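The values are calculated or read from the model by the stated rules, or taken from the named source; none is laboratory data. Remember, predicted model here, so these are calculated numbers, not experimental data. Here the Cβ positions follow ideal geometry from the backbone for every residue, glycine too, while neighbour counts run over all protein chains shown. Side chains included, ligands, DNA and RNA excluded: accessible areas come from the protein's heavy atoms. Shrake-Rupley method; radii C 1.70, N 1.55, O 1.52, S 1.80 Å.
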Amino acid sequence: MSIRINNFMGKFGWNMRKYFPNLSSSAYLKLQFLTRSREQKKYCDYFLNAAETPKPNVVNIETVNRCNSTCAFCTANIHAEKRPLRRIDEDLYRSIIDQLADWGYEGHLTLYGNNEPLLDPRIVEFHKYAREKLPKSFIFMSTNGLILTREKVDEIKPFVDQIIINNYCEDMKLHKNIQEIYDYVKAHEEDYRDVEILIQMRYLKEVLTNRAGSAPNKQATEHVIKETCLLPFTDMWIMPNGKLGLCCCDNFEVTDYADLTTVPLKEAWQAPALQELRRKLAEGRQNIPFCKHCDFIDAGFRMQMVHAILSGDQDAANRIGGEEKTKSSRK
């Protein structure tokens, strides 16, 4: 493994996202819905017809609900944040990890949600505990990198398979600290052979999806989305208050399918209310008020996992890296 830089569709894609943001977002989403819907629906049917409810493919635990960036598309940015500050209780966190271990969980784990994980001073210790208890899980950290240092990379790397650095900017250049990390790792690749470091070049003011109406720069319209969505089938979404939410598009923490301070993790994932939502969602987002105007679609590694699972290769699904859309690296 090594460090590399990904810039979706290169300079052309960057300029499209910068100068034609709404057109870029609309064209991308239309393409993804057109090409992904059939396999997504197939996975939903597989999930609902399984003899036993399949485990999640990704467990997301947001340990603190704060960010330090100004991304225009996210309500967690420092100008738009409205959530009461919360940090996950340490005993609850360890209980969640212990329950995953007892469940035999070997899928993906990320201690990240709509936040910046490095704002939690416990984050390295939390990753260490997760690695000890879940040695076969693919653990990845996703950070905006604003306060990331090489020393912090060295602290976290023994406990993760992948570090994703989202370099949000307006000039398609690496931030100084991220450039320093890149240069150092390239010069000392042998020291980082056990971790993949992926730097994603991201436009700070990009228009993405409306995220169920929560995106500050793209509000939901009256258009009803009739395709299904993978997230409630693939992802377990755990908020700092201990609630099991619906998905990452719940930026305001309004969905609640279980309180993990009182309900066992496995029972929460298999809860009748959540299963009923999945059954309705498999037939289209129009059946779920929270989802019906949401245009989010995951065309990244979740689709790769779904394809592997439907092909009968769960082990391969468990080892697929996170988040990037394409493999386009800069040397």
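Inspect the range 123-136 for any residue being open to solvent by less than 30 Å² (accessible area, probe 1.4 Å) and under 19 Å from N57 (Cβ atoms) and give the result as yes or no.
Here is the first cut: in the range 123-136, the residues open to solvent by less than 30 Å² (accessible area, probe 1.4 Å) are 123-124, 126-127, 130, 134.
Going one step further and asking which of them are under 19 Å from N57 (Cβ atoms), we end up with 130, 134.
Yes, there is a match, as at least one residue in the range 123-136 is open to solvent by less than 30 Å² (accessible area, probe 1.4 Å) and under 19 Å from N57 (Cβ atoms).
Okay, residues lined up against (1) loosely packed, with under 13 Cβ neighbours inside 10 Å; (2) in contact with a helix residue (DSSP H, G or I) (Cβ under 6 Å, 6 or more places away or on another chain); (3) part of a helix (DSSP H, G or I):
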{"site": "S25", "(1), (2), (3)": "no, no, yes"}
{"site": "Y28", "(1), (2), (3)": "no, no, yes"}
{"site": "F33", "(1), (2), (3)": "no, no, yes"}
{"site": "R38", "(1), (2), (3)": "yes, no, yes"}
{"site": "P56", "(1), (2), (3)": "no, no, no"}
{"site": "N60", "(1), (2), (3)": "no, no, no"}
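May I ask you to list the residues in the range 151-183 that are farther than 17 Å from L204 by Cβ and surrounded by 15 or more Cβ atoms within 10 Å (Cβ to Cβ)?
Residues satisfying the conditions are K152, V153, E155, I156, K157, F159, V160, D161, Q162, I163, I181, Y182.
Inside the range 303-319, can you point out the residues that are more than 13 Å from Q40 (Cα to Cα), open to solvent by 30 Å² or more (accessible area, probe 1.4 Å) and aliphatic (A, V, I, L, M)? Full working, then the answer.
As a first pass, look at the range 303-319 and keep what is more than 13 Å from Q40 (Cα to Cα): 311-319.
Adding the requirement that they be open to solvent by 30 Å² or more (accessible area, probe 1.4 Å) leaves 311-316, 319.
Scanning the range 303-319 gives a single hit, A316.
Considering (1) assigned to a loop (DSSP other than H, G, I, E, B); (2) crowded, with 20+ Cβ neighbours inside 10 Å; (3) not hydroxyl-bearing (S, T, Y), say which one L281 fails and leave the rest.
(1)
Filter the range 78-122 for residues that are out of contact with any Gly (no Cβ under 8 Å at 6 or more places or on another chain), modelled with pLDDT of 95 or more, open to solvent by less than 20 Å² (accessible area, probe 1.4 Å) and farther than 20 Å from N57 by Cα and give the result.
N115, E116, P117, D120
As an exercise: evaluate V185 against (1) assigned to a loop (DSSP other than H, G, I, E, B); (2) in contact (Cβ under 8 Å) with a residue 40 or more places away in the chain; (3) not acidic (D, E) and give the number of the one condition it does not meet.
Going through the list (1) assigned to a loop (DSSP other than H, G, I, E, B); (2) in contact (Cβ under 8 Å) with a residue 40 or more places away in the chain; (3) not acidic (D, E), V185 breaks only (1).
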